[in-house]
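Worksheet: the structure to be examined is printed underneath.
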Amino acid sequence: MPIYRSPLGFMIATLVIGAGACTSGVSTARERETTVCELHDALASPPSGRVHVKALLFAGPRHGTILTDARCRGKSVGVRFVDPIPSGSTLERFEKALSGDVMDLSLRAFEVQVSGVVKPAGPGMPESLLVIDRVDSFSKQESADISR
């Protein structure tokens, strides 16, 4: 009798297949490449699913944290980080680089490649924003010219 036809064989096969489907917790969902320009224009009815963006991220105590793109001046998308931030992740390293010296109130600029999910506006949140849960790369920019 083949192993998958016996009750014990069936249970073992089920466990092996189930374990393979639940590996490391890394999302296998496809991410849609997009731009700040596209996200900004779609904030009234934000895209569902995961998105990946290459952009300039600006952060400051008076400005909040936004993504911008030189290809669409004047358009931006608000961001926040997933909570909790995974320990030891690139996201955690980026958040620490972004926070910097708490006494430094200057605008901070980073070139980033980030992924996350757009959270639609709702009670207590007047605008849609990108909830970043993964940072692929980041590079601090010396020029914090938000008009770029």
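Nothing in this text is a laboratory measurement; each read-out follows from the coordinates by a stated rule. Given the structure is predicted, the values throughout are model-derived calculations rather than measurements. Heads up, the Cβs are rebuilt from the backbone with ideal geometry, glycines too, and the neighbour counts pull from every protein chain shown.
Brief remarks on what is shown
- Single match in LEU67, LEU56 (criterion: under 20 Å from MET125 (Cβ atoms) and touching a residue at least 60 places away in the same chain (Cβ under 8 Å)): LEU67
- Of the numbered criteria (1) under 15 Å from LEU39 (Cβ atoms); (2) hydroxyl-bearing (Ser, Thr, Tyr); (3) touching a helix residue (DSSP H, G or I) at 6+ places or on another chain (Cβ under 9 Å), the one SER115 fails is (3).
- Residue count for region 33-58, restricted to those that are of a type outside the set (Asp, Glu) and closer than 13 Å to VAL114 by Cβ: 12
- Criterion: in a loop (DSSP other than H, G, I, E, B) and more than 12 Å from the chain's Cα centre (by Cα) - qualifying residue of LEU39, LEU43: LEU43
- Applying the condition of being in contact with a strand residue (DSSP E or B) (Cβ under 7 Å, 6 or more places away or on another chain) and outside any strand (DSSP E or B) to region 50-86 and asking which residue is surrounded by the most Cβ atoms within 10 Å (Cβ to Cβ) yields ASP69.
- Residue in region 121-139 that is surrounded by the most Cβ atoms within 10 Å (Cβ to Cβ), counting only those that are polar (S, T, N, Q) and closer than 18 Å to ALA59 by Cβ: SER137
- Tabulated pairs, region 105-133, first closer than 18 Å to PHE94 by Cα, second in a strand (DSSP E or B) and acidic (Asp, Glu), C-beta under 6 angstrom, 6+ apart or interchain: GLN113/ASP136; SER115/GLU31; GLY116/ASP133
- Matching entry among THR90, THR68 (being farther than 21 Å from CYS37 by Cα and of a type in the set (Val, Ile, Thr)): THR90
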